[in-house]
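These notes are about the structure you will find just below.
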Amino acid sequence: MKTEQLSLARQLDLVFKELDQELSGLNSGVVFVQIRNNVIGKFGIRHNPITGKDGRMEMEVEGLNHAQRTSFRAMALETLKFKRNWTHGEISYDFTVRQGMIMIDATMESNYNMANLMIRYPRTNTYLDSGMGSGS
C-alpha cells in the first residue's frame, strides 16, 4: 500500500508508533511532521538532551510513560480536526511533562506556492482592475 492511499490520521498514527521508543526516553521536546499533498514526508523529534537546573547540567533520565505516550498520540490526532483547506505545511507538537501530566501545544503551519497560483489565475493587472492603480 502506498502512503498517499492512507488518510492523514492513519499516517500520523504510524508516525507516533515509529517514535514510541524515542518518546519513552524524553520528557520534553517537539514532534514535527512535514506534509506535502496531504502525505507526511519528513518527521521527527527536536529536543535538548541536556537540561540546566539550579546552575547544574543534567541529562534527562525519565521519559514519557505508556499512558502519557497514548495520551499524546490521541491529542495529536485530535488536532487534525483544526487543519483546514491546506495540503502542504508542517504540524509541530511541543510537549513537556509537568507534575506527572503531559502538556502539549500544537502549531500548524500552512505553505502555499505562488507558482501554482500563477497557473490558476489569469495574468491581469490587479491594481488597475481594483481601481487602486495609479492614474498617471
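The values are calculated or read from the model by the stated rules, or taken from the named source; none is laboratory data. What you see is a predicted model, and the numbers here were worked out from it, not measured in a lab. Surface accessibility is based on the protein's heavy atoms, side chains included, excluding ligands, DNA and RNA. Shrake-Rupley method; radii C 1.70, N 1.55, O 1.52, S 1.80 Å.
Which whole-Hz couplings ³J(HN,Hα) result when phi for each residue of region 31-42 is put into the Karplus expression 6.51 cos²θ - 1.76 cosθ + 1.60, θ = phi - 60°, listed in order with x for Gly and Pro?
Ordered by residue, 3J(HN,Hα) equals 8, 10, 10, 9, 10, 9, 6, 6, 10, 6, x, 7 Hz.
With every protein chain present, what is the per residue accessible area of region 27-110 (1.4 Å probe, Å²)?
66
Quick one: Debye curve from the C-alpha atoms of region 19-68, no solvent, what's log10 I(q)/I(0) at q = 0.14, 0.32, 0.33 Å⁻¹?
Values returned for q = 0.14, 0.32, 0.33 Å⁻¹ are -0.46, -1.17, -1.20.
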